[in-house]
Amino acid sequence: MYQDYDESKSYDNAAREAIDLANRLADSDEEADVWDIADGILAGAIQYWLYTRQPCGDPRCEDCEPINTAEKRLAELIRFTQELVKESEYYHSPHDINTGTA
Ligand SMILES: [Zn+2]
């Protein structure tokens, strides 16, 4: 479903807007802790993600099968989050303490 052009455009727009929002919040308050901003953006994103993954009510609905219990929604959210984290250019850092120095 994420291959559809409009959905992937929505995906890109939403991701870009979230980053723009975080940068605006950080720029507008010099005292702001960027970790707090990031945590807040993530909290809002998770809230919205869960809101959109409410099953439709038909216990045999195939579309909702992967998310039709709280445990399945959490598992799906963790799976998707891990995928995004591993794809991120910021996942590895040259300052990671387990980075080889050879
Ligand atoms: Zn459904």
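Any read-out appearing in this document is the output of simple, stated calculations on the displayed coordinates, not a laboratory observation. None of the values given here were measured: they were computed from a predicted structure. Because the Cβ atoms are built from the backbone with ideal geometry, glycine has one as well, and the counts that use them run over all protein chains shown.
Annotations for the structure displayed:
- Rounded to 10°, Cα long-axis angle of helix 34-52 versus longest principal axis of the chain: 10 degrees
- Between G100, N13, W49, the Cα set farthest toward the positive side of the dipole of the chain (charges on each charged residue's Cβ, about the Cα centre) is that of W49.
- Local electrostatic count at I41 - Lys and Arg +1, Asp and Glu -1, tallied over other residues with Cβ under 12 Å: -3
- Residue (of P59, Y90, W35) at the positive-pole extreme of the chain, dipole from beta-carbon charges: P59
- Unpaired by the 4.7 Å Cβ criterion, cysteines found in the chain: C56
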